[in-house]
Amino acid sequence: MTAVLSASRQARAVAKRAVHQLVADRPWNVTSRVGFVVGLGLLFLVPGMLLATLIEWGSSTSNHEVALGMGALITMAAGMLLVTFTRLDEDLPPASVFAAVAWTWICTSLFGALPLWFSGALGSFDNALFEAVSGMTATGSTVLSPIEGTGRGVLMWRQIMQWYGGMGMVVLAVTVLPFLGVGGLSLITVEAPGPTSDRLAPRVSSTARRLWALYGGITVAIAAALMIAGLSLYDAVAHAFTTAGTGGFSPYDHSIGHFDSAAVEVVMIIGMLVGGVSFTLHWRAVSGNPRAYARSSEFRTYLLALAAAGVVMSLLNWADDLSDLSHSFRNGFFGAVTLSTSGGFSNASDANPGGDFAAWTPGAQALLLPLMVMGGMTGSTAGGLKVLRAQVMAKYMRVGLLRVKHPQVVARVKLGQTAVAEPVLQRVAGLVALYALSALLAILVLAALGEDLITSSSGAISALSNMGPALGDAGPTSNYLVFTRPARGVLMALMLIGRLEFFAIFLVVVSAYERSRRLARVNLRR
């Protein structure tokens, strides 16, 4: 027996050395600046898939637990392979940071689509991919119809994807990687809610843990409030996931309108407002400084814009006899909050047709598009250009006009008492220009593919702002099956571009183009 145990130990030692040698020798030793992070992102999907599998297994509505389990197994295998056979450089250049962020979102969307595809709920893989991209980017546009005929586990996986996407898969990866050092900090600056100039903790891992503790606490609080408002545990948790992440998916065809409850809508409005606020402000508040909210000019502008839009839209709809005054205000404020925070929920139903903002008066609809573009606060889970950037651009234009009128004047853009540096102004202006150019090109492409102008323009802006429902044929009572397959491909790209705030995707494309040109020049010289 002793000889057998000794031989077994020797065999294990030899096998271990062989594996280490394989990893150390090329081509297996892939020093990847992207693959390792992507692998971690895939591994973080697995617990959510397993939770959805358990829910499906315990449900009598369908029989998709095998599909969900297969998706989890394949995703775990791919993630383990990437983590095992790649490694991360100690110093991660900015270009590699953007590439890692972009490819993590693309790959998590691809693998997130597997359970949806295997279940057969969405038919083709491209529809499953659209749903997954919409989930991972916390957009809320759907091609699942009917929703209520789908298994509970599959529906919960849709909700979980938006919970992941709300804060960012990259932050999840950084949470367990304190050894990344500068690389981890670089990653968290790209997608982690909370401005990097005001980090919550000196270490990246501590920052990520605190962000996720805060995010988890907000999710639990929303779920508890929804249960108090009358929802079941399943419905409360499902909607808490997508409210905290300002995503918009719901297990019901009529979204929040399914419940026709003012109490539920009030909880949802508060939850979306919280999700649209900077997580840095939230952390300061829970750390004993609640006055941080009042001191933030962005927060004051955020609330003022939503309140003003809510009142104006409510009065316009009431004047047009869409509903009585109380329902007009209920629908107006719900619409203002869901669109500005990129929540993407709808309270429209057969009992409350006035909740369909695609049927509102032209004046009210005209206010919806600016809300979509503006979005929530910087450092929140909301989409859009963000309120702070809108503030900066408004002041930048004012200073520009002042300089035209008085060329000798020395004027600076200020937020509070702080002057905004010129490089920051240039980056903000560049982002706004990219947004406008992307929206214009997308509208032209969608219109060329056969969509009407209202549906094309609102659909493009909604996708770029990660909002969800649009106007026209793609309103809250419809879905994105109204778009052709090529058009849905364009919209998927827009969701990713908007979620990663343009630069990550564009830099990856530019880097790939420059690399191909270099290779072409090398081949020509040969």
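Where a number appears in this text, it was derived from the coordinates with a stated rule and is not lab data. Please read these numbers as outputs of a predicted model, since none were measured by experiment. So basically every Cβ, Gly included, is an ideal-geometry build from the backbone, and we count neighbours across all protein chains shown.
Roughly how many nanometres apart are two label points built 7 Å out from the Cα toward the Cβ at MET227 and ARG300?
Inter-label distance under the simple model: 3.9 nm.
How much length, in nm to one decimal, is gained on full extension between LEU51 and ILE74, taken as 0.36 nm per residue of separation minus their Cα-Cα distance?
Numbers: separation 23, 0.36 × 23 = 8.28 nm, distance 1.56 nm.
Net length gain for the segment: 6.7 nm.
Mind ranking 424-434, 239-249, 210-220 by how tightly packed they are, going by the mean number of other C-beta atoms within 10 angstrom, highest first? Please list the in-between numbers first.
Numbers: 424-434: 15.0, 239-249: 30.5, 210-220: 17.7.
Result, highest mean first: 239-249, 210-220, 424-434.
Can you tell me how much longer the chain between ALA447 and ALA433 gets when fully stretched, taken as 0.36 nm per residue apart minus their C-alpha distance, in nm with one decimal?
Numbers: separation 14, 0.36 × 14 = 5.04 nm, distance 2.11 nm.
So the chain would gain 2.9 nm between ALA447 and ALA433.
So if we plug the beta-carbon distance of GLN417 and LEU315 into 1/(1 + (r/R0)^6) with R0 = 45 Å, what FRET efficiency do we get, rounded to 0.05? Intermediate values should be presented prior to the final figure.
On the way: r = 36 Å, r/R0 = 0.81.
Using R0 = 45 Å, I get an efficiency of 0.80.
From Cα pairs below 8 angstrom and at least 6 apart in sequence, can you work out the relative contact order of segment 211-370, rounded to a whole percent?
Answer for segment 211-370 is 24 percent.
Can you pull the one-decimal nm distance between simple spin-label points at GLN426 and ILE454, each 7 Å off the Cα toward Cβ?
4.3
I want to check the label-to-label distance for VAL266 and LEU481. Put each point 7 Å from Cα in the C-beta direction and report it in nm to one decimal.
Modelled inter-label distance: 3.7 nm.
What does the extension gain come out to for VAL220 and MET397, with contour length at 0.36 nm per residue minus their alpha carbon separation? Intermediate values should be presented prior to the final figure.
Numbers: separation 177, 0.36 × 177 = 63.72 nm, distance 4.20 nm.
Computed gain between VAL220 and MET397 is 59.5 nm.
How would ILE74, ILE160 line up from fewest to most surrounding beta-carbon atoms within 10 angstrom? Walk me through the numbers on the way to the answer.
Details: ILE74 16, ILE160 25.
Lowest to highest Cβ neighbour count: ILE74, ILE160.
Could you tally the net charge around LEU231, taking each other residue with its Cβ under 15 Å from the Cβ of LEU231, Lys/Arg +1 and Asp/Glu -1?
-2
Could you give me the ³J(HN,Hα) list for segment 341-346, computed from phi with Karplus coefficients 6.51, -1.76, 1.60 and θ = phi - 60°, whole Hz, x at Gly and Pro?
7, 6, x, x, 7, 9
Give me, ordered by chain and number, the residues 5 or more places off SER346 or on other chains with an amide H under 5 Å from its own placed amide H.
Amide H to amide H, under 5 Å and 5 or more residues apart or across chains, SER346 pairs with ILE256, GLY257.
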